[in-house]
1. With charges set only on the Cβ (+1 for Lys and Arg, -1 for Asp and Glu), what does the dipole of the range 284-400 come to about its Cα centre, in debye to the nearest 20?
2. Could you compute the net charge surrounding Glu327? Neighbours are other residues with a C-beta less than 13 Å from the C-beta of Glu327; K and R count +1, D and E count -1.
3. Would you work out the charge dipole size for the range 123-185 about its Cα centre, treating the Cβ of every Lys and Arg as +1 and the Cβ of every Asp and Glu as -1, and quote it to the nearest 20 debye?
4. Note down the accessible area of Ile372, probe 1.4 Å, to the nearest 10 Å².
5. Using +1 on the beta carbon of Lys and Arg, -1 on that of Asp and Glu, and nothing else charged, what's the dipole of the range 168-247 about the Cα centre, debye to 20?
6. Find, among the chymotrypsin sites (Phe, Trp or Tyr not before Pro) in the range 376-476, those assigned to loop by DSSP (not H, G, I, E, B) with at most 10 other beta-carbon atoms within 10 angstrom.
7. Please list Asp180, Asp300 from largest to smallest accessible area, probe radius 1.4 Å, with all protein chains kept in place.
8. Could you pull out the pairs from Lys283/Lys310; Lys258/Lys381; Lys334/Lys470 whose alpha carbons sit more than 32 Å apart here?
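The values are calculated or read from the model by the stated rules, or taken from the named source; none is laboratory data. A quick note: this is a predicted structure, and the numbers were derived from the prediction, not measured. A quick note on method: Cβ atoms are made from the backbone with ideal geometry, for glycine too, and the neighbour counts reach across all protein chains shown. Calculation scope for accessible area: heavy atoms of the full protein, side chains included, ligands and nucleic acids excluded. Shrake-Rupley method; radii C 1.70, N 1.55, O 1.52, S 1.80 Å.
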Amino acid sequence: TTRHCCHPSIIRQNKSPRPSMVLRGADTEKGHQRRGSPKHSNHAAAMCLRLLFSRQCYRALLVVIPVFSCMQYFIFHPFATRVAQEQDVRSSFISHTMTYPKPRRKIVLLGPHDRYNFGDLIFTSVVAKLLVSRAGFSPDDLLFGGMVTVDMNNYGGYKILSMKKIQSLSQEDTEQGPYDIIYLGGEALGCNFNCAVKMLPDERTKTEARRERIHDCPYLVPKNLLLPPSMPKNDTFQMKNYAVINSMGGTPCNECKKAIETADYIALRDRNPLFPDSAVMMKELYPNKISEAAEEVLQDLFPGGVNRQKIIAVQHRDIPTEEARLELALALDKVSKAGHATIVFFVAGTAPNHDSLSCYKQIAQMMTEPSIVYEEENMWKSVGLISQAEAVLSTSLHVRIIAFLYLRPRLTWCGLEPKHPQFIALWDTDESPRCLKSKNETWSVLQRYYGPNPNITQAATAIAYEKTVKKYLESFDSWSSLVGWRRYSTRS
C-alpha cells in the first residue's frame, strides 16, 4: 500500500506580551535607577548607537563583511547546493511513490480471447469482474490485449486491442503507464506465435496478426516491452511495471520463457505453486447474468415454453472420421432413451481444431432419438445451457468445470492431455467419475450419477466447489495487491 506523506505545517503561536519591568520600590540612593527602568534603557540604547556609528567600527566592518561573505560562499555554497539537489531527487521519488497515485496504473489482461473459445472468454470475465468488485479498480483501468484488434462482444467477450497498439499506449501514457500485465490462463505457456496464429479464424485475421506481431510468444508478452524505450538506464529511480501469471497450465515453450522468468507472481493450475483454474469463480461472480442467459437459451430451444423437455448438454471436439461419429451417435441414442432427455449439442469454441457445427449436424442425422444442434457461439449462453442441463457430457475442460460449479452430473471424454484428470483429481469430489476412454461406456457410467439416487450427492460437490473458490481467491488477493500502483525501483 502507498503511504501518505504529509509535512505538518509549523504553527507559530502568538505569545502573550512580555510583562513590563515593575519597580518593587524606590532606590534609597538619589539619582540611581534600577536596571530595566525606562530611563536606564534609553541611556543604553544611545550608547550603542554611538559605538555603532563610530569611525573605528565603520573601518572594521569594511574588512570583516567581505571576508565573511567569501567564507560563506566557498564553505557553505557547495554543501547547500548538494543538499538542494538531493532534496529535489527525494521530492521527485516521494511524489510518485509515497502519495496516493491518482489515477492508478492501467492493467492489461492478455489472453487468447481474440477468437471464440469458451474457456478463454471465461478467464477474461472472471478476472475483470474481480479487479473491479474486489480489488477496487475502475473498468476504465482495464485493457484487453490479444494478437489482433477485434470486437468480441457478440461472443460474450470484450473489445480486444492488439498488443502492438497496447504497447504504444503504455509507452506514451505519462499518467497511467507503463501498464501492468496479467497473463489470463489456459495453456498459453506452450503456445508460440506459429501455434497461436493457426487458431485465428481466417486469412485476413492471420495477416493482421503477422503485421501486429511484437513478440514470438503472443499471449505472454514480456512486461518490459510495455516500458518506454527512451527511459534512461542510469536513472536513480527506475519505473517498474508488474506481470502476473494467473493459474495457467501446460509446458512452457522456449519463446515464452522470458515472460515466465520475469513475472512477479506465478500461479499454476497443474503443479506448484498450485491454484485452481480461474473459471471456478464464474457462478459466484455472475449469478444473475447466467440466469438470464439460461432463460434465453430455453426460449431458443423451446419457443414460447411449449413442449419444454429435459436436456442433456453435449460438447465434443471435431471428430474427423465418419466411423467415430457413428460411434458417438449410437452412444448418445442410448443416453437419450434411458435418460428420457433430449440431446442438445453446443460449441465451446469454433477456432480451428476445436468444435464443429457441421460435425454435430451429421451426428444428429445419424441418431434415432431426438436431438437439437444449438448453433449459438456465445459464452454466456453456453454457461446458461450447462446450468439447466440434467447432465453434461464433454471433451472440454471448462465445460466440465462449469458443470461442476452447477452441481451437474458430468462425464468427460478425455484425450491424451493430462489437464482433465488433473482437475478431477485435484479439485472435483472423490466420488466424481473419472475420464471416459470409450464412447460405449457413456451410459453405463452416467446412470450411476443420474436420476433421483446418484452415487455422488450435490452436497458433496458443493463442499468441493466452496473449497476451490476459497483457494482461487487466496491467489487473486495475493497478486491483485501488486498491480496497479506506480512504483520505482532503485538502481545500484
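1. Computed charge dipole of the range 284-400: roughly 260 debye.
2. Working: positive: Arg325, Lys334, Lys437, Lys439; negative: Glu322, Glu323, Asp333, Glu441.
Its environment carries a net charge of 0.
3. Numbers: 5 positive and 7 negative charges, 60 e Å.
The dipole of the range 123-185 has a size of about 280 debye.
4. Spelled out: Ile372, probe radius 1.4 Å, area about 40 Å².
5. Values: 9 positive and 11 negative charges, 56 e Å.
For this selection, approximately 260 debye.
6. Details: sites: Trp380, Phe404, Tyr406, Trp413, Phe423, Trp427, Trp443, Tyr449, Tyr450, Tyr465, Tyr472, Phe476; in loops: Tyr406, Trp427, Tyr449, Tyr450.
Within the range 376-476, no chymotrypsin sites (Phe, Trp or Tyr not before Pro) qualify (loop, at most 10 other Cβ atoms within 10 Å).
7. On the way: Asp180 0, Asp300 70 Å².
Ranked list, largest accessible area first: Asp300, Asp180.
8. Values: Lys283/Lys310 22 Å; Lys258/Lys381 37 Å; Lys334/Lys470 39 Å.
Going by Cα-Cα distance, Lys258/Lys381; Lys334/Lys470 fall outside the 32 Å limit.
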